[in-house]
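One structure below.
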Amino acid sequence: MEKHIHGGDVYHHQGCIDFSANCNPLGTPEGIKKAIIESLEHINDYPQVGCTPLKKAIAEYENTKPDQVICGNGAAEVIFSLCRAVNPRRALVPAPTFAEYQQALYSVDCQVEFFPLNGKKGFVLEEDFLQALTKEIDIIFLCNPNNPTGLLVEKPLLEKILKRCQELDILMAVDECFLDFVPSPEKYTLKEYLETYDNLFLLKAFTKRYAMAGVRLGYGLCGNKGLLEKIEGVCQPWNVSSMAQAAGLAALQETEYVEKGRQVTFEELAYLKEQLTALGYPVYPSQANYVFFTGPLDLYEKLEQKKILIRDCSNYTGLSKGYYRVAVKEHEENQQLVRALKEIERNRKK
């Protein structure tokens, strides 16, 4: 299988402004960097197995219980471990959505059925998704808000899907990593159902909220103790480093930073949508910390020449050349992107 190309490949694009990875626009807090440096005093020791202090801190932050938390080497590892533990035969995944789900499912020889989201209807997940849920399906993955479109699934529909999945004994995995950048995340999260639905698994990450992608720290929330034990049984020992655990504990103290990052995101998301629309690019109503739009087929290459890296979404299942995603960054960088786009459009019209 061809290796999926992600955003954030700054190593092959030296000196570029990176709009291809969607992290907190404020960058990594100094408190997290300091915690990582201090953790090096224990670099000779193995990391704490089970991440007990970190799980307790996450549970307090999420208003859940420590025994409902599982930590991993990024949300990606949690996804792969979940698939290994469940070992599903058949899965249902919307298209387009984050490619890591299908990669993890393919790694356990699972047959993946794609539910095509209609581009003419704006790639919105609608009620007809319920009809695709059958007793042959073992697991589904949903991303809310979806990556790369940034579109939210409304809670009443999520609740219908969850209930239908429970009736059919389908595990429902919902990626809530980008809910941190939604104005009212509590209106969309399914955390309140962890106690009553043992077929629900929620994915979260420190990567986006705290701009610490290189540290690799993610977690899952689930009320099904048997499933969590299975997942821990297929994880490698010491899968979360001492540095990552220290970074996570420090990050959860950064409440002011998180709120400031949210406010910057709301303002700059509106700015980017307005500017891209003014340039004539069809812009989708993203509610995450990134903008999804269509543009000229050579836009990625044109911006790359100007040392600006955006996400070409043509390798997402269900998308083709001309679909792009740009992260919301701080205003000065967003202005640089807009200036480059205007210059490209001026040159195109000459």
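Each reported figure results from applying straightforward, stated rules to the coordinates on display, with no laboratory input. Quick caveat, the model's predicted, so the values are computed rather than measured. All Cβ positions, even for glycine, are placed from backbone atoms using ideal geometry, and neighbour counts span all protein chains on display.
Short-range pairs are left out: with C-alpha atoms under 8 Å and at least six residues apart, the relative contact order of segment 150-252 is 22 percent. Please work out the Cα center distance from segment 266-283 to segment 10-81, rounded to the nearest Å. Between the Cα centres of segment 266-283 and segment 10-81 lies a distance of 31 Å.
Lysine pair count for segment 107-205 (Cα-Cα distance under 25 Å; residues 8 or more apart in sequence or on different chains): 21. Charge dipole (Cα centre; +1 on Lys/Arg Cβ, -1 on Asp/Glu Cβ; no other charges) of the chain amounts to roughly 940 debye.
You can think of it this way: the chain between THR52 and ASP67 has 4.5 nm of extra reach, that is 0.36 nm per residue less the Cα-Cα gap. Dipole of segment 30-251 computed with +1 at Lys/Arg Cβ and -1 at Asp/Glu Cβ about the Cα centre; of VAL108, VAL93, SER241, farthest Cα towards the positive end is VAL93. Shape summary: segment 150-309 maps onto an equivalent ellipsoid whose semi-axes, from the alpha-carbon gyration tensor, are 32, 22, 16 Å in decreasing order. Quarter the surface of the alpha carbon convex hull of the chain and you get the mean projected area, 17.3 square nanometres. Taking 22 Å as the straight-line reach from the Cα of LYS34, the lysines in range (excluding those fewer than 8 positions away in the same chain) are LYS55, LYS56, LYS208, LYS260.
Computed over segment 30-251, relative contact order equals 29 percent, with contacts defined as Cα pairs under 8 Å that lie 6+ residues apart.
Using the Stokes-Einstein relation with a Kirkwood hydrodynamic radius computed over Cα pairs, the translational diffusion coefficient of segment 195-270 at 10 °C and a viscosity of 1.306 mPa s comes to 109 µm²/s.
Spatially, segment 109-142 and segment 168-244 are offset by 21 Å when compared through their Cα centroids. Set the Cα radius of gyration of segment 232-350 against 2.2 N^0.38 Å, with N its number of residues, and you get 1.36.
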